[in-house]
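Notes for the one structure printed next.
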Amino acid sequence: MATPFSRRTLLTAGAGAAAGLSLPGVAAYAGGQTSRVGFTLDALVLDGGEQVTSITLDTARLGPIDPATVTTGTFSVHAKASSPIPIAPGDVIFSEYDLDRPVTAARIDRRGNIVLDLSYAEGQVGGGTLGYIVSKGRNVQLDLVYTITQNAPFALRNHRPVTISGFQQGRLSNPEVDAFSYHVSGSGMKYRLYSPTSRSAGRGKRPLVVWLHGGGEGASLPDNYYDNETTLRANRGALGFATAEAQKIFSGAFVVAPQSTSFWLEDGPRFAPLILEIIRDLARRHPIDLDRIYVAGCSNGGYMSLKMTTIYPEVFAASVPICGVVASLQPGGPVMITDAELARISTPTWLVTSLDDTTVPPEPNTIHAHDLIADSEMTLYDHVIWNGHQFPGHWSWIYVARNDPSINSIHIWEWMRKQRR
């Protein structure tokens, strides 16, 4: 009879392996042995956000396993994801789930651990690590509870059968996200930092890419929620600049992703000096070339990228505002960036958006900014489609994260690299 066990782990900033949990033993299959093992949730950030794509069982210590005895039916996986903060009556959170995760493959990794590959895909329900709370306009990192059920014994190479008596959930592992270290500025703004490896970095000082997140990735301080996680897990915006491809193009770049205490549009002029404080502190502590500091961001962050160049015209070598907000947020309200401010921008600027963006319509925002910013470049897509999957029109940051925009055969990362303050 299959016996399920579960272990809850809160996916908080810097969380390590979950604390031990006492579990009752179960009878082994005849002639078998029992043992408890931990497991890791392995995740990838897809273009549509992070998903748990496999589970690694810590079985290496049991001895060499016969891979022929581990199949997709050996274990079953159930996943439950819930909000880390209370949801008010009548409010809605997208992407919570409580379901079975199909096991698509079972294998032994080079360390001797059993890896259960799970079904996942862009737009697939279940498996995501973030939920979106409608009333707050925030992505939050979901509390994940994974339950592993062993349906049949597997065997070691000495033919001894093994039945695992208990499972203990550990950390969420995502090498791309984990490569960004955790920091807090002197003013209290949290940020993540990618530092180039010696293999990717050139000699001398390195460029710095500043990634400014969208509105959904800020904190929710009234709920005591400030995770320093969603900026990297919601999309590949910052991660794209830390890939091997980008690091080769930039000859090794630092990438910093500050997290707003709310959302950049709430008060751009107040947030601007807090972002600059982080940049200056990084330049003091790391070999950063002050002539090669680039700012890029999406939606709220697209607005903030433009705002930074209006307030600090001498700081940045280039700016990449993606589907950035320029016009009023409400009919008849004040514009977020005035025509006079746009006309004064002297920083080389490449704007990106999609014509089917209904969240931040291109005409009064990106296209209007392009008309006023002298010598600016602009890429307009018809739709946001990547690897055959069509995303909402607002998600044009996917293209920048993949170095797709190009003009005269020069792609956007190469263009950024060529710019100097």
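The values are calculated or read from the model by the stated rules, or taken from the named source; none is laboratory data. Please read all numbers here as calculations on a predicted model, not as lab measurements. Neighbour counts are summed over all protein chains in view; Cβ atoms, including those assigned to glycine, are modelled from backbone coordinates with ideal geometry.
Structure data summary
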read-out	value
Residues that are of a type in the set (G, A, S) and either surrounded by fewer than 15 Cβ atoms within 10 Å (Cβ to Cβ) or not assigned by TED's automatic domain parsing to the domain that holds G128 (or both), drawn from region 71-112	G73, A88, G90, A105, G112
Only listed residue being more than 30 Å from F254 (Cα to Cα), modelled with pLDDT under 95, out of contact with any strand residue (DSSP E or B) (no Cβ under 6 Å at 6 or more places or on another chain) and of a type outside the set (S, T, N, Q), chosen from V134, V125	V125
Test: residue in region 144-156 that is outside any helix (DSSP H, G or I), within 20 Å of the chain's Cα centre (by Cα), not β-branched (V, I, T) and not assigned by TED's automatic domain parsing to the domain that holds A283	yes
Test set (1) of a type in the set (S, T, Y); (2) free of Cβ contacts under 8 Å to residues at least 24 places away in the same chain; (3) assigned by TED's automatic domain parsing to the domain that holds R36 - S165 fails condition number	(2)
Members of region 315-344 that are in a loop (DSSP other than H, G, I, E, B) and loosely packed, with under 14 Cβ neighbours inside 10 Å	S328, L329, Q330, P331, G332, G333, P334, T338
Of all residues making up region 196-223, the number that are of a type outside the set (A, V, I, L, M, F, W, C), over 22 Å from G301 (Cα atoms) and without any contact (Cβ under 8 Å) to a residue 60 or more places away in the chain	7
Residue that is farthest from P207 (Cα to Cα), among those in region 160-195 that are aliphatic (A, V, I, L, M) and in a loop (DSSP other than H, G, I, E, B)	M189
Within region 225-276, tally of residues that are within 16 Å of the chain's Cα centre (by Cα), among the hydroxyl-bearing types (S, T, Y) and surrounded by fewer than 24 Cβ atoms within 10 Å (Cβ to Cβ)	2
Residue among N403, N408, N387 that alone is within 19 Å of P207 (Cβ to Cβ) and either acidic (D, E) or in the same structural domain as K205 (by TED's automatic domain parsing) (or both)	N403
Selection count, region 26-61, where residues are modelled with pLDDT under 95 and either out of contact with any helix residue (DSSP H, G or I) (no Cβ under 8 Å at 6 or more places or on another chain) or under 21 Å from G127 (Cβ atoms) (or both)	11
